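Working notes for the structure below.
The values are calculated or read from the model by the stated rules, or taken from the named source; none is laboratory data. Because the structure is predicted, anything quoted here is derived from the model rather than measured. Methodologically, a virtual Cβ is constructed for each residue, glycine included, from the backbone with ideal geometry; neighbour enumeration extends over all protein chains shown. Heavy atoms of the whole protein, side chains included, go into the accessibility calculation; ligands, DNA and RNA do not. Shrake-Rupley method; radii C 1.70, N 1.55, O 1.52, S 1.80 Å.
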Amino acid sequence: MATMIQRYVFLALSALFISSSAFANNVTVSNVALTGQDATNDYVFVEFDTGWENSWRTSSAPNNWDAVWVFVKYKVGSGDWQHATLSGTTSNHTAPSGSTITPPSDGKGAFIYRSVDGSGTVSLSDARLRWNYGTDGVADDAQVALKVIATEMVYVPTGAFSAGSGGTGTKEFTLTTINTGSATVAGGYPTGNSGTTASQTAPDSDSWPNGYNVFYCMKYGITQEQYMDFLNTLDRTQQDTRTGTNLASGITSVTRRYVMSNTTSMSSRNGIRCDATIPATGTITFYCDYNGNGIGGDFDDGQHIACNSLSWADGAAYADWAALRPMTELEFEKACRGTAAAVADEYAWGSTSITQATGITNSGAGNETASNAGANCAYDFHASVQGPMRVGCFATSGSTRETAGATYYGIMEMSGNLSKLCVTIGDSNGRSFTGSHGDGAMDSTGNANAGSWPGTSGSGMGQRGGNWVNDATFTRVSDRTYASNPSDLRLATYEFLCVRLDP
């Protein structure tokens, strides 16, 4: 199912007041505490329990595992939310039995995953991440609120793969084996149509992420609950920038309360909403209200539906805030096809068979699924499916890769549901991308400020994988009809998946 959960701790670094635990989706974070403060060296351990369903690690093909990317947000007193700096040294964290904790050197978070092969539900107690609060300028006795945030990711190992399927997809790459991570070595990039021109040149940077090297990819697109939680950590100016409704300072009355679609009633199944009366200058509280009763957080409020009505700038801002980064279109093909041989005109599950979802059961709930047996994709607009569906909705305990709609590595809905916004190789601005990660903080207006990323105009981005409106041909792995299609629009067919290099 979906991917993010947060827990709050209020403390004076010597006294703790912990909020009640709750669950969202199939990732849990509970029993959050601070322990082991070292006031001399200005660090403390953030301790918590975590777990998630449908986990795996395998030493046979596809030779990968799933993980959670965990990061911490904090605020001092009534200040703004900030990104906590964790230790970048593995030995400074404590992994529960049966798990491994791997932090990147920048300390922006940590990956937690199984240490041995296995599958099923993971339940981990007393994970400890060392927060170097002195690095963040936090005093030993500060009054601090914390959020521990986890999102499911999938490990995509280093290895050669095919770009292009050899099929009939529009503007496909000429079938090429990507067998190096370097642009300076022949074969590092595919040839063929760029999406806008007849020829293809290599990226400007030798570090352009072409999918060969190892990376983690979100298991699902950003959910509506995840995006809601993101909005609720921003200041008023940033909230206004990252929503479709005008919520600028000074506005106190809102009629277009479905804030992503900027509508008075829910549109295309996006249920993120605010109250009709909001403070003139303070921050706004957003909530998921798919059932429209004015009460957020009901079991059927669409928390787990993929978040649409996102622009490139919205997705990039989220990636920067989460210390992740955008995915390139070649990483998209690697994440779908893996090391398997290309199948002409294949979908993300590796075959040319596809079954449309023609209705929805348990609409808006955490167990939402297609009403017709065998469905594995939302595509080609159906009157009973007027928007994206719940992430992971086609997977069951008995699913095959094809019936679940999963990629070679276990990533969901890469064909259909919503178009994945990627950095394109078909535009000079996309080819200038260097793969830098977000640092957990956006600029004051609410835009991503990571270097080399395509800007707010969308120049350098494109779409892959098709969506709930497109016909089946657009959902093929290698179809590049819109691969170089810059847009700054917030559309009901767009979504975002973030990635990060393996530490």
Considering ALA127, ALA142, which residue is modelled with pLDDT under 95, open to solvent by less than 60 Å² (accessible area, probe 1.4 Å) and more than 24 Å from TYR227 (Cα to Cα)? ALA142
Pairs only if they're at least six apart or on different chains, beta carbon under 7 angstrom, first in segment 119-132 and assigned to a strand (DSSP E or B), second of a type in the set (Phe, Trp, Tyr); list them, first residue then second. SER119/TRP56; VAL122/TRP52; ALA127/PHE48; ARG128/PHE45; LEU129/PHE45; ARG130/TYR43; ARG130/PHE45; TRP131/TYR43
Just give me the residues in segment 290-312 being surrounded by 23 or more Cβ atoms within 10 Å (Cβ to Cβ) and of a type outside the set (S, T, N, Q), in sequence order. TYR290, ASP301, GLY302, HIS304, ILE305, ALA306, CYS307, LEU310, TRP312
In segment 377-403, what residues are over 17 Å from SER268 (Cα atoms) and open to solvent by 10 Å² or more (accessible area, probe 1.4 Å)? PHE394, ALA395, THR396, SER397, GLY398, SER399, THR400, ARG401, GLU402, THR403
Residues in segment 419-440 that are small (Gly, Ala, Ser) and either out of contact with any strand residue (DSSP E or B) (no Cβ under 9 Å at 6 or more places or on another chain) or under 21 Å from GLY244 (Cα atoms) (or both): how many? 3
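Which residues, counting only those in segment 40-53, are farther than 24 Å from GLN226 by Cβ and in contact with a Ser or Thr (Cβ under 9 Å, 6 or more places away or on another chain)? Give the steps one after another, and end with the answer.
Step one: of segment 40-53, the residues farther than 24 Å from GLN226 by Cβ are 40-45.
Result: ASP42, TYR43, VAL44, PHE45.
In this structure, does ASN26 turn out to be at pLDDT below 95 and more than 27 Å from ASP235 (Cα to Cα)? Before you say what the answer is, go through the steps one by one.
Details: at pLDDT below 95: yes; more than 27 Å from ASP235 (Cα to Cα): yes.
Yes: the conditions hold for ASN26.
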THR434 meets each of (1) touching a Ser or Thr at 6+ places or on another chain (Cβ under 9 Å); (2) part of a strand (DSSP E or B) with one exception, condition (2)
Please go through segment 82-93 and give me each residue that is open to solvent by less than 50 Å² (accessible area, probe 1.4 Å), more than 18 Å from ASP141 (Cα to Cα) and out of contact with any His (no Cβ under 9 Å at 6 or more places or on another chain), ordered by number. HIS83, GLY88, ASN92, HIS93
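Need at least 2 residues that are over 24 Å from TRP65 (Cα atoms) per element, so show me which helices (runs of 4 or more DSSP H) inside segment 294-409 make the cut, counting only ones lying wholly within it. Write out each step before concluding.
Working: elements: 312-321, 329-337, 401-404.
Fully inside segment 294-409 and qualifying: 312-321.
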List the number of the failed condition for THR434; all other conditions in (1) at pLDDT 95 or above; (2) surrounded by fewer than 21 Cβ atoms within 10 Å (Cβ to Cβ); (3) not aromatic (Phe, Trp, Tyr) hold. (1)
VAL214 - would you say it is out of contact with any helix residue (DSSP H, G or I) (no Cβ under 9 Å at 6 or more places or on another chain) and within 18 Å of PRO503 (Cβ to Cβ)? yes
When you scan segment 458-475, how many residues do you find that are in contact (Cβ under 8 Å) with a residue 40 or more places away in the chain, in contact with an Asp or Glu (Cβ under 8 Å, 6 or more places away or on another chain) and hydroxyl-bearing (Ser, Thr, Tyr)? 1
So the check is Cβ under 6 Å with 6+ separation or different chains; which pairs have a first residue in segment 343-357 that's more than 16 Å from GLY374 (Cα to Cα) and in contact (Cβ under 8 Å) with a residue 12 or more places away in the chain and a second one that's open to solvent by 10 Å² or more (accessible area, probe 1.4 Å) and charged (D, E, K, R)? ASP345/ARG476
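Quick one: in segment 194-234, of everything that is among the charged types (D, E, K, R) and surrounded by fewer than 19 Cβ atoms within 10 Å (Cβ to Cβ), which residue is modelled with the lowest pLDDT?
Here is the first cut: in segment 194-234, the residues among the charged types (D, E, K, R) are 204, 206, 219, 225, 229.
Narrowing the set further to residues that are surrounded by fewer than 19 Cβ atoms within 10 Å (Cβ to Cβ) leaves 204, 206.
Numbers: ASP204: 77, ASP206: 82.
Across segment 194-234, the extreme among qualifying residues is ASP204.
Kindly indicate the residue of segment 206-246 that is in a helix (DSSP H, G or I) and more than 20 Å from the chain's Cα centre (by Cα) and also nearest to ASN308 (Cα to Cα) among those meeting that condition.
Kept after step one, since they are in a helix (DSSP H, G or I), are these residues of segment 206-246: 224-231, 236-241.
Retained after the next criterion (residues that are more than 20 Å from the chain's Cα centre (by Cα)): 236-237, 240.
Details: ARG236: 22, THR237: 21, ASP240: 17 Å.
Top of the filtered list is ASP240.
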Among residues belonging to segment 457-503 that are over 22 Å from GLN224 (Cβ atoms) and out of contact with any strand residue (DSSP E or B) (no Cβ under 9 Å at 6 or more places or on another chain), point out the one that is surrounded by the fewest Cβ atoms within 10 Å (Cβ to Cβ). ASP471
Condition set hydroxyl-bearing (Ser, Thr, Tyr) and assigned to a strand (DSSP E or B), scope segment 255-287, selection nearest to GLU225 (Cα to Cα): answer is TYR287
Any chance segment 162-175 includes a residue that's more than 24 Å from LYS219 (Cα to Cα), among the charged types (D, E, K, R) and either open to solvent by 50 Å² or more (accessible area, probe 1.4 Å) or modelled with pLDDT under 95 (or both)? yes
Residue by residue through segment 54-78, note down the ones that are modelled with pLDDT under 95 and either part of a helix (DSSP H, G or I) or loosely packed, with under 14 Cβ neighbours inside 10 Å (or both). GLY77, SER78
What are the pairs, 6+ residues apart or on separate chains, where a residue within segment 220-238 that is under 25 Å from SER249 (Cβ atoms) has its Cβ under 8 Å from a residue that is open to solvent by less than 10 Å² (accessible area, probe 1.4 Å) and among the hydroxyl-bearing types (Ser, Thr, Tyr)? TYR227/TYR318; PHE230/TYR318; LEU231/THR243
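Can you say whether THR361 is β-branched (Val, Ile, Thr) and within 28 Å of TRP208 (Cβ to Cβ), as far as the supplied structure shows?
Judged against the criteria, THR361 is not a match.
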